[in-house]
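Structure record follows, encoded as structure tokens.
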Amino acid sequence: MKYIAGVVICIIAIITMTSCKSVPKEMGVNEYSKEVLRCFDEEDVDGLKSLFCEEIQNTHNLDEDIKNALDIYQGKTISYKIIGGTGGETVENGKIVLKDENIQIGEIKTDTGNEYVIVIYSYVINEEYPNRIGISAIDIFMGYELEADKITVGKVL
């Protein structure tokens, strides 16, 4: 009986570790950034879409937004710099009830010579609106400056 329970636990662990991770708190900033870049490089619409929070998936035309973003993001990433994350949190009675994180990936260069900056807006914790956990928006700036032309996938909540 212990053997069967151990096998079941191992199978669940393997499935959990290899399934798509759609919640930022399950990944560190570096891994999360790399996953977004991978989705752009491989034109993985479903992978990118799965990183977005449930609310945006259900209320926004992500397929069109992602298609537009993939039209803009040309080539495969050859270099980038993770600038880091900013955000804040709200604590009530000693418990974090709201935590947002904005990750900036800068100095992105692709093999086509294009340059970008990507900013990812997400909630890691949202007790009041749990369907907002995940990415709500991604801004893609054409060039290294945040004042450059941009396209937004999703919507900042």
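The values are calculated or read from the model by the stated rules, or taken from the named source; none is laboratory data. Small disclaimer: the values here were computed from a predicted structure and weren't measured. Quick reminder, even Gly has a Cβ in these numbers, built from the backbone with ideal geometry, and neighbours come from all protein chains shown. We work out accessible area using only protein heavy atoms, side chains counted, and drop any ligands, DNA or RNA first. Shrake-Rupley method; radii C 1.70, N 1.55, O 1.52, S 1.80 Å.
Here are a few things to note about the model shown:
- For region 87-141, the equivalent ellipsoid derived from the Cα gyration tensor has semi-axes of 31, 11, 6 Å, listed largest first.
- Note on ASN114 and ASP71: the extension gain reaches 14.2 nm, defined as 0.36 nm multiplied by sequence separation minus the Cα-Cα distance.
- Added length on full extension, which subtracts the Cα-Cα distance from 0.36 nm per residue, ASP41 to ILE96: 16.3 nm
- Note on ASN58 and LEU157: their simple-model spin labels are 1.0 nm apart, each label 7 Å out from Cα toward Cβ.
- Span from the region 131-149 Cα centroid across to the region 27-51 one, whole angstrom: 13
- Rounded to the nearest 10 square angstrom, TYR80 shows an accessible area of 90 square angstrom against a 1.4 Å probe.
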